[in-house]
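In what follows, a structure is listed as structure tokens, so that the remarks can point back to it.
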Amino acid sequence: MNSAPSPWLTRWQHLLAPGMTALDLACGSGRHLRWLAAQGLRVTGVDRDAEALAPLRALDADIIEADIESGPWPLGERRFDLVLVTNYLWRPLLPAITAAVAPGGLLIYETFGAGNAAFGRPRNPDFLLAPGELLTACQGLRVLAYEEGVVSASDAGEARAIQRIAARRPGSPVNADEPPLRLQ
């Protein structure tokens, strides 16, 4: 199992600061949760797999066991400076996911897209984003970067079709008149 954080997440590390709140949705065994905590963020992880979550309870983190596909949204009205989702898609939750981004906060989302069946799992179209679908789901957020296509084996360990977005919710603490972000 790969324990390194996604390059899509680490690309945006310069926008993260100690003390920020972060939600890792469908966090699994916590590779991103651990990385975010090591950066000094106050982390919340949500997943339905009690066995995967058990070791994470030793972290200074809010760990929530919940089946977000068949149960209620476990976060209520909570908002986060960073909402992170990787390799997970449940379309009915897209509005709740974007709503969980605090004013001035970031959404970093990366998952499989149409065409991934040619490379492996998932193959079921229910778990593959249609072209442009992630952009549509993020309306109301300021898109910092968006990528859609095939990630080569050298980038991800194996070739796969993906969509990924980094977006910011307008509002404080970010000044609406600020210049465009400098990408690193």
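The values are calculated or read from the model by the stated rules, or taken from the named source; none is laboratory data. Fair warning: this is a prediction, and the values are worked out from it, not measured in the lab. Because the Cβ atoms are built from the backbone with ideal geometry, glycine has one as well, and the counts that use them run over all protein chains shown.
Of all residues in the range 36-71, those that are assigned to a loop (DSSP other than H, G, I, E, B) and farther than 25 Å from Arg91 by Cβ total 5. Against the list (1) in contact with an Asp or Glu (Cβ under 8 Å, 6 or more places away or on another chain); (2) touching a residue at least 60 places away in the same chain (Cβ under 8 Å); (3) of a type outside the set (A, V, I, L, M, F, W, C); (4) buried (at least 18 other Cβ atoms within 10 Å of the Cβ), the condition Gly28 fails is (2). Contact annotation: residue pairs with Cβ atoms under 6 Å, 6 or more positions apart or on different chains, pairing a residue in the range 109-127 that is closer than 10 Å to Ala159 by Cβ with a partner that is among the aliphatic types (A, V, I, L, M) and not in a strand (DSSP E or B), are Asn116/Leu128; Phe119/Ala159. Residues in the range 12-27 that are over 12 Å from the mean Cα position of the chain (by Cα) and more than 14 Å from Leu107 (Cβ to Cβ): Gln13, His14, Ala17, Pro18, Gly19.
Restricting attention to the range 132-166 and to residues that are closer than 24 Å to Gly120 by Cα and of a type in the set (Val, Ile, Thr), the residue that is modelled with the highest pLDDT turns out to be Ile165.
Across the range 117-141, what is the number of residues that are closer than 30 Å to Pro103 by Cα and either surrounded by fewer than 16 Cβ atoms within 10 Å (Cβ to Cβ) or aliphatic (A, V, I, L, M) (or both)?
Summing the residues that are closer than 30 Å to Pro103 by Cα and either surrounded by fewer than 16 Cβ atoms within 10 Å (Cβ to Cβ) or aliphatic (A, V, I, L, M) (or both) in the range 117-141 gives 12.
Suppose the filter is surrounded by fewer than 18 Cβ atoms within 10 Å (Cβ to Cβ) and either free of Cβ contacts under 8 Å to residues at least 40 places away in the same chain or within 18 Å of Arg169 (Cβ to Cβ) (or both); does Arg57 pass it? Criteria met by Arg57.
One line per residue, one yes/no per condition, for (1) small (Gly, Ala, Ser); (2) under 21 Å from Ser29 (Cα atoms); (3) part of a helix (DSSP H, G or I):
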| position | (1), (2), (3) |
| --- | --- |
| Leu84 | no, yes, no |
| Leu89 | no, yes, no |
| Pro95 | no, no, yes |
| Thr98 | no, no, yes |
| Pro103 | no, no, no |
| Thr111 | no, yes, no |
| Pro122 | no, yes, no |
